[in-house]
1. If you take the residues of region 213-262 that are of a type in the set (S, T, Y) and more than 30 Å from P188 (Cβ to Cβ), which of them is least open to solvent (accessible area, probe 1.4 Å)?
2. Tally up the residues in region 17-50 that are out of contact with any strand residue (DSSP E or B) (no Cβ under 9 Å at 6 or more places or on another chain), open to solvent by less than 70 Å² (accessible area, probe 1.4 Å), closer than 18 Å to F257 by Cα and assigned to a helix (DSSP H, G or I), please.
3. Of all residues in region 84-98 being under 18 Å from Y182 (Cα atoms) and in contact with a Lys or Arg (Cβ under 9 Å, 6 or more places away or on another chain), which is modelled with the highest pLDDT?
4. Would you point out the residue of region 190-202, among those that are part of a helix (DSSP H, G or I) and out of contact with any Ser or Thr (no Cβ under 9 Å at 6 or more places or on another chain), that is most open to solvent (accessible area, probe 1.4 Å)?
5. Out of the helices (runs of 4 or more DSSP H) lying entirely within region 245-360, which hold 1 or more residues that are acidic (D, E)?
6. Going through region 263-274 one residue at a time, which ones are hydrophobic (A, V, I, L, M, F, W, C) and either open to solvent by less than 30 Å² (accessible area, probe 1.4 Å) or touching a residue at least 40 places away in the same chain (Cβ under 8 Å) (or both)?
7. Are there helices (runs of 4 or more DSSP H) fully within region 66-157 with at least 3 residues that are farther than 18 Å from R46 by Cα? List them.
8. From G205, G161, grab the single residue that is open to solvent by less than 70 Å² (accessible area, probe 1.4 Å) and within 24 Å of T58 (Cα to Cα).
Amino acid sequence: MSLTFHWFLPTNGDSRHVVGGGHGTPATAFGRNRPPTVAYLSQIARAAEDLGFVGVLTPTGAWCEDAWLTTAMVSRHTERLKFLVAFRPGFVSPTLAAQMASTFQRQTGGRLLLNVVTGGESHEQRAYGDFLDKDARYRRTGEFLQIVRDLWEGKTVDLSGEYLQVEDARLARVPDPVPEVYFGGSSPIAGEIAARHVDVYLTWGEPPAQVAEKIAWVRGLAAKEGRTVRFGIRLHVITRDTAEQAWTEAHKLLDGFDPDTVKSVQAGLARSESEGQRRMLALHGGNREDLEIHPNLWAGIGLVRGGAGTALVGSHDEVAERIKEYHALGIDEFVLSGYPHLEEAYWFGEGVLPRLATQGLWQHPFAPTSAPAAQVPFTS
């Protein structure tokens, strides 16, 4: 089976520096270097499509542009690329969300994937009028997904749950195909929701031993529900012709981290209710030293960015080996990004993907016999 690669659509802006944001922290000023216009985001999307990425992930939150609206506009400038739209189930009714997804599928030719984000920060949720605590939000997510999935199957739904209530809910037209649901979370209740409802469980880029524990945990919970779940990982990437060149780029990013910004971001993230964010913070402890926490796995991004805070750094061969290492654990999908997102898509697509292709681990999903990424690797 070919590995699946997704790229990232930086709807919070892009730069040659790390653009922060997420988990209650604002996007840094670097996001203004390349504003998230439809024109620029479409340029990234077209590059990702040409290189062989299956889809692009969008973030969600007050720190970025709305994912539904942005991807709907960008989709008009692509042909086959899918959109992994992040959204929070507490902000829209399940019936309306099911209808929106169905419309998106028809209008784009079946190019929607859904990344369900329960929301780990109560103060950010309250800004949107959501006053449930974290565990209650996860339980509501379970009810939400139950309703949405039943509607997508063409059922008429009546549900009087603890948090959600619908009566005689139905869709006039069901989506074809039904969008796959992606989901992440490291708390016990998150594992339960994943086991019951999701297609792909996503983890942030922790060291392989920790990722293996997560996979075993969710796989076991899913087995108890009589289900199987696929696994994906969210990482940044800095890949070059040589390891020295890649680490030079990583150190350039690190040199651009203003100490006051690091201190402020770390203080904000320390208040996070997210178990996954806590695990990310533990990888670097707020320190600039010893950031290579596993061969070619660098925790520097997490000093100024919430959420995914690690990057694969190294030569194209080294990055390919780390991908193979995660794949051996059970990871089949990789959601990647890099600064700036346009250029880094080419470095990875023309440097790493051809190496995986020659080993039989990847093939271009759209044009396997004539894809640019399967030709001569990019060199500087």
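The values are calculated or read from the model by the stated rules, or taken from the named source; none is laboratory data. Note that the structure is predicted; figures quoted are calculated from it, not measured. Every residue, glycine among them, receives a Cβ derived from its backbone with ideal geometry; neighbour counts consider all protein chains shown. Calculation scope for accessible area: heavy atoms of the full protein, side chains included, ligands and nucleic acids excluded. Shrake-Rupley method; radii C 1.70, N 1.55, O 1.52, S 1.80 Å.
1. Restricting attention to region 213-262, the residues satisfying the condition of being of a type in the set (S, T, Y) are 228, 239, 242, 248, 261.
This time we only want the ones that are more than 30 Å from P188 (Cβ to Cβ), so: 239, 242, 248, 261.
Working: T239: 0, T242: 59, T248: 64, T261: 48 Å².
The residue in question is T239.
2. 1
3. First, pick out the residues of region 84-98 that are under 18 Å from Y182 (Cα atoms): 84-92, 94, 97-98.
Imposing the further condition that a residue be in contact with a Lys or Arg (Cβ under 9 Å, 6 or more places away or on another chain) reduces the set to 88-90, 98.
Details: R88: 93, P89: 92, G90: 85, A98: 98.
This residue is A98.
4. Of all residues in region 190-202, those part of a helix (DSSP H, G or I) come to 190-197.
The next check asks that each one be out of contact with any Ser or Thr (no Cβ under 9 Å at 6 or more places or on another chain); those that pass are 191-192, 194-196.
Numbers: G191: 0, E192: 74, A194: 0, A195: 2, R196: 110 Å².
Across region 190-202, the extreme among qualifying residues is R196.
5. In region 245-360, 259-270, 275-284, 316-329, 341-351 are the helices (runs of 4 or more DSSP H) which contain 1 or more residues that are acidic (D, E).
6. Restricting attention to region 263-274, the residues satisfying the condition of being hydrophobic (A, V, I, L, M, F, W, C) are 265, 267, 269-270.
Within region 263-274, V265, L269 qualify.
7. Numbers: elements: 67-74, 94-108, 122-127, 134-152.
In region 66-157, 94-108, 122-127, 134-152 are the helices (runs of 4 or more DSSP H) which contain 3 or more residues that are farther than 18 Å from R46 by Cα.
8. Working: G161 fails: within 24 Å of T58 (Cα to Cα).
The match here is G205.
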